[in-house]
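Report on the structure given below.
The values are calculated or read from the model by the stated rules, or taken from the named source; none is laboratory data. Note that the structure is a prediction, hence the values are computed from the model and not measured. Methodologically, a virtual Cβ is constructed for each residue, glycine included, from the backbone with ideal geometry; neighbour enumeration extends over all protein chains shown.
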Amino acid sequence: MKLHDGYAYAQYFFSANNAATYDSLVSYATFGQDKMWKNQIAKIVDKGGFKPSVILDLAAGTGILSSKLEAGSDAASVCSLDLTFDYLKKAKEKSRQIFLVNSTAELLPFQAGIFDYVVSSYLLKYIDIETVAVESWRVLKQHGIVIFHDFTCPNNQVIQKIWRLYFYLLNLSGKLIKEWEPAFQLLDEVICKNRLWPIDTSQCLRKIGFIEVSCQYHTLGTSAIVSARKP
Ligand SMILES: C[S@@+](CC[C@H](N)C(=O)[O-])C[C@H]1O[C@@H](n2cnc3c(N)ncnc32)[C@H](O)[C@@H]1O
C-alpha cells in the first residue's frame, strides 16, 4: 500500500512527547471551538436514529470525541482507532469501556457491516480521502452514517488575514512549547494543501454510493463537517 504524504506529517506531529498536553492545547488553540464542533458531530449522531449504537471513531487521538459520544444519550459502544499508541493510552484513561485499536484509518481491521457510525475529527488532511471513504462504506451497516470533520482554509479575504496572523503567532509559540513545535510550524501548510477537502469528500462519498451528503461550514469557514448515509 502506498503511504499518503499525510502519514509522515502525522508521525511528526503526534507522539508520546505531546499526548499529555493535547487536550488542553486543542481547547485553547481553537478558543473553545473544538468543543462546539464536536457537539455538532454528536448532534448528527443523535439524530441518526441508531439507539443503542456502535460507533467507530477514526483518529480518535486522546478520545475527546469518543468519550463524548460514549456518554451521549444513546448508550453507544465506541471503538477508538488511532495511529499514535500514546494518544490511545490517554483515551483509555477517559473511559475503561472504550475499545482501542492502534492502526491506520486507511486499512480498517474490521469485518464488513458492523458499525452504525464512522466519525472522525481532524483526520482528513493526513489520509487519502477515497481510501478512507471506501473503507468507511465497507465497515458501515446498511443505513449507517459517516461523519468527517476537519479544519478548512477560509475563503473570505479578511478572515484569511486573521487566520494567517493566528498561524504566524502559533508558529512563534512553538519556540516556547517545544513538544508542539513541529505541528505549529507546519499545520497551516497541511490544512491549505488540503483546502478543498469538503468538496472533494462530498463528491467522493456520492461517487461511492452514499446518499444524504451534507456539508456544514462552521466558525467563519475555518472548519467543516461532511456527513452522509449508506443507503
Ligand atoms: C489532531 S489529532 C485529533 C484527535 C481527535 N480526533 C480529536 O478530535 O481530538 C489527529 C490524530 O490523527 C491521528 N492520525 C493521523 N493519521 C492517521 C491515520 N492514517 N490513521 C489513524 N490515525 C491517524 C494522529 O495519530 C492523531 O491522534
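Values for this structure:
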| read-out | value |
| --- | --- |
| The one condition in (1) at pLDDT 95 or above; (2) in a helix (DSSP H, G or I); (3) more than 8 Å from the ligand (Cβ to nearest atom); (4) not charged (D, E, K, R) that Ala10 fails to fulfil | (3) |
| Number of the exception - Ile159 against (1) farther than 25 Å from Trp137 by Cβ; (2) touching a Gly at 6+ places or on another chain (Cβ under 8 Å); (3) surrounded by 17 or more Cβ atoms within 10 Å (Cβ to Cβ) | (3) |
| Hits in the stretch 92-112 - residues which are more than 11 Å from the ligand (Cβ to nearest atom), surrounded by 13 or more Cβ atoms within 10 Å (Cβ to Cβ) and of a type in the set (Gly, Ala, Ser) | Ser95 |
| Search result, residues across the stretch 83-101 that are in contact with a Ser or Thr (Cβ under 8 Å, 6 or more places away or on another chain) and not in a loop (DSSP other than H, G, I, E, B) | Asp86, Tyr87, Leu88, Lys90, Ala91, Lys94, Phe99, Leu100, Val101 |
| Subset of the stretch 43-70 (residues that are within 12 Å of the ligand (Cβ to nearest atom), over 18 Å from Leu124 (Cα atoms) and among the hydrophobic types (A, V, I, L, M, F, W, C)) | Leu69 |
| Number of the exception - Ala75 against (1) more than 11 Å from the ligand (Cβ to nearest atom); (2) under 21 Å from His143 (Cα atoms); (3) at pLDDT 95 or above | (3) |
| In the stretch 195-231, the residues that are surrounded by fewer than 20 Cβ atoms within 10 Å (Cβ to Cβ) and in contact with a Lys or Arg (Cβ under 7 Å, 6 or more places away or on another chain) | Ile211, Glu212, Val213 |
| Residue tally, condition touching a residue at least 12 places away in the same chain (Cβ under 8 Å) and part of a helix (DSSP H, G or I), over the stretch 42-82 | 11 |
| Qualifying residue in the stretch 21-38 (condition: more than 21 Å from Thr104 (Cα to Cα), among the charged types (D, E, K, R), in contact with a Lys or Arg (Cβ under 8 Å, 6 or more places away or on another chain) and outside any helix (DSSP H, G or I)) | no |
| Among the residues listed as Ile98, Ile114, the single one being at pLDDT below 95 and over 29 Å from Glu181 (Cβ atoms) | Ile98 |
